[in-house]
Amino acid sequence: MCSRDCCSKGGVSRTKDGNPCERRAEKQETDIIVPTPQSLLYPYEMIQEIADFLVKGSGIRPKIGIICGSGLGSLADLIQNPKVFEYSKIPNFPVSTVEGHAGKLVVGCLEGVNVMAMQGRFHYYEGYPLAKCSMPVRVMKLCGVEYLFATNAAGGINPKYAVGDIMLMHDHVNMLGFAGNSPLQGPNDPRFGPRFPALVNSYNKDLINKAIDISKAMGIESSVHVGVYSCLGGPTYETIAELRALRMMGVDAVGMSTVHEVITARHCDMKVFAFSLITNKCATEYSEKKDEEANHDEVMAVAKNKQKACCEMVSRLVAEIQKSL
């Protein structure tokens with residue numbers, strides 16, 4: 001029974017549809033906007049349409065997908081006979097908004113292998129849901145990609161790491177996941193993968209070992225490490241307290257990307273290789289010195305100086321994979 005006066009006054013009559021207050025309440029309920037689960041932002045059919053667009057436009061079905069991190073877009077410049085797609089020209093594709101991310105997808109051949117490289121990724125701090133940030137990985141999968149190479153620029157927490165070092169990722173700590181955010185939230189489509197994918201051994205051990213051997217052949221093994229990466233939401237850099245907490249958790253390097261891409265790749269049963277270029281040392285002691293604070297200009301400068309070594313490592317690793325294809 002409604003407690004409002006409108007139902008008790010003789011001037012308002014009941015109808016078979018119920019009293020007026022109930023009808024108004026029902027109308028208000030229909031106006032409520034329910035957030036769409038992330039998995040419904042890009043259903044399988046839409047991902048397939050994007051993949052078909054790229055395969056048709058390039059005439060290539062790539063086997064390796066490469067995601068170029070901040071300042072590492074030159075990795076895509078190694079690709080022979082490239083077909084370049086601007087993100088803005090790809091149907092239903094997001095666009096990059098960060099300096100150092102060109103916003104282009106390059107398809108072609110590298111060391112005899114068909115590859116697809118992203119010059120620029122999408123970050124959670126840009127306002128994109130994680131499902132949109134990692135959507136290109138599913139596009140790669142439906143294009144034919146079996147291996148994902150993910151690179152990033154990261155801050156070194158491990159005191160043994162120096163600026164310019166390379167950290168091969170063998171595990172991660174997903175801080176965004178701790179907060180309840182996942183690129184796999186919402187209804188699961190089994191055509192992509194299982195409802196509850198296991199993430200143990202997400203980073204392919206054979207590829208890590210091959211990369212270590214390559215670093216020895218290049219003479220840079222002293223600056224190549226194997227460690228644990230953690231992804232925070234950004235765009236702010238970390239506080240001293242946060243960095244200390246991460247170090248206590250066993251984290252060696254920290255950034256604002258990659259983990260959700262890896263989760264999506266493993267959900268699709270792709271083999272993953274990832275590395276971080278250490279572009280700044282994370283301060284874990286309180287100081288008034290401004291030069292100890294992380295900044296994006298420093299990240300870009302270090303990436304530019306070290307991109308040759310990163311490119312050579314990737315090229316040699318692709319050549320190793322080519323032997324097994």
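In deg cm²/dmol and to the nearest 500, what is the mean residue ellipticity at 222 nm of the chain if only DSSP H runs of at least 4 residues count, each as -39500 (n - 2.57), divided by the residue total? Please report the intermediate quantities before stating the final value.
Numbers: 8 runs with 105 residues, N = 325.
For the chain, the value works out to -10500 deg cm²/dmol.
Amide H of K281: which non-local residues (sequence gap of 5 or more, or other chain) have their own amide H closer than 5 Å, using H built in the peptide plane?
G156
Could you list S88, S215 in order of exposure, starting from the residue whose Cβ has the fewest other Cβ atoms within 10 Å?
On the way: S88 11, S215 21.
Ordered from fewest to most neighbouring Cβ atoms within 10 Å, S88, S215 come out as S88, S215.
Could you sort 261-272, 70-81, 191-202, 43-54 so that the peptide with the highest average Cβ count within 10 Å comes first and the rest follow in order?
Details: 261-272: 22.3, 70-81: 19.7, 191-202: 12.9, 43-54: 16.3.
Ranking, from highest mean packing down: 261-272, 70-81, 43-54, 191-202.
Using modelled amide H (1.01 Å from N, peptide plane; none on Pro or chain starts), what sits under 5 Å from the amide H of V226, excluding residues fewer than 5 places away?
Amide H neighbours of V226: L168.
Calculate how steeply helix 20-30 sits against the longest principal axis of the alpha-carbon atoms of the chain, using the helix alpha-carbon long axis, and give the answer as 0 to 90 degrees to the nearest 10.
Roughly 10 degrees between the two axes.
Return the sequence-ordered ³J(HN,Hα) values of the stretch 216-230 in whole Hz as given by the Karplus equation 6.51 cos²θ - 1.76 cosθ + 1.60 applied to θ = phi - 60°, using x for Gly and Pro.
Rounded to whole hertz, the list is 5, 5, 7, x, 10, 4, 5, 10, 10, 10, 10, x, 10, 10, 10.
Since every read-out is calculated from the coordinates, none of them should be taken as a lab result. None of the values given here were measured: they were computed from a predicted structure. Every residue, glycine among them, receives a Cβ derived from its backbone with ideal geometry; neighbour counts consider all protein chains shown.
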